[in-house]
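Worksheet for the structure shown next.
The values are calculated or read from the model by the stated rules, or taken from the named source; none is laboratory data. Just so it is clear, the structure is predicted and the values come from calculations on it, not from any experiment. All Cβ positions, glycine included, derive from the backbone under ideal geometry; neighbour counts span all protein chains shown. Calculation scope for accessible area: heavy atoms of the full protein, side chains included, ligands and nucleic acids excluded. Shrake-Rupley method; radii C 1.70, N 1.55, O 1.52, S 1.80 Å.
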Amino acid sequence: MVAVPDSPEGRTALSAAIDEARRRETDLVVLNLALDPLDVVGMPSDLPVTVRERTGHADLADCVLAALDEYEGKVDLLVIGMKKRTPIGKALLGSLSQRLLLEADVPVLAVKR
């Protein structure tokens, strides 16, 4: 599963998740965290992809964690994007990234753009 906000980090996470799904020979669940529907035109045709739109959660971390709960036992890896940080910023992750790294019940791959 990949969490894709409407940001450069989200696009980086999506690209990394596609690569991981191909490497692992598995399906990909794309969780769109943006308010607008995700453009599926660029999705690979050689990979089974399910796109889920954000539902009912104002907090993005809650949305991702709820989706993981719904797919319990079916998600091997959560991919998220992160911003590059200054030395001070490295000490503090963004609240979304931090919550997902700490609370997700599956391994998390955090990629920087």
Quiz item: When the residues of region 54-64 are filtered to those that are of a type in the set (A, V, I, L, M) and farther than 19 Å from P8 by Cβ, which remaining residue is most open to solvent (accessible area, probe 1.4 Å)?
Solution: A58
Quiz item: When you look at L102, is it of a type outside the set (D, E, K, R), at pLDDT below 95, outside any helix (DSSP H, G or I) and exposed (fewer than 11 other Cβ atoms within 10 Å of the Cβ), yes or no?
Solution: no
Quiz item: With respect to the numbered conditions (1) modelled with pLDDT under 85; (2) exposed (fewer than 12 other Cβ atoms within 10 Å of the Cβ); (3) not small (G, A, S), which one is the sole condition not fulfilled by K83?
Solution: (2)
Quiz item: Mind checking which pairs have a first residue in region 59-76 that is closer than 13 Å to V2 by Cα and a second that is among the charged types (D, E, K, R) and loosely packed, with under 15 Cβ neighbours inside 10 Å, Cβ under 7 Å, 6 or more apart or different chains?
Solution: L65/E103; L68/D105; D76/R24
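Yes/no per residue for (1) open to solvent by less than 60 Å² (accessible area, probe 1.4 Å); (2) over 23 Å from S97 (Cβ atoms); (3) in a loop (DSSP other than H, G, I, E, B):
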{"position": "L14", "(1), (2), (3)": "yes, no, no"}
{"position": "D19", "(1), (2), (3)": "no, no, no"}
{"position": "R22", "(1), (2), (3)": "no, yes, no"}
{"position": "A34", "(1), (2), (3)": "yes, no, yes"}
{"position": "S45", "(1), (2), (3)": "no, yes, yes"}
{"position": "R52", "(1), (2), (3)": "yes, no, no"}
{"position": "A66", "(1), (2), (3)": "yes, no, no"}
{"position": "D69", "(1), (2), (3)": "no, no, no"}
Practice problem: Would you mind telling me which numbered condition in (1) open to solvent by 60 Å² or more (accessible area, probe 1.4 Å); (2) under 23 Å from K112 (Cα atoms) G73 fails? | Solution: (2)
Self-check item: Any chance V29 is part of a loop (DSSP other than H, G, I, E, B), open to solvent by less than 30 Å² (accessible area, probe 1.4 Å), modelled with pLDDT of 95 or more and hydrophobic (A, V, I, L, M, F, W, C)
Solution: no
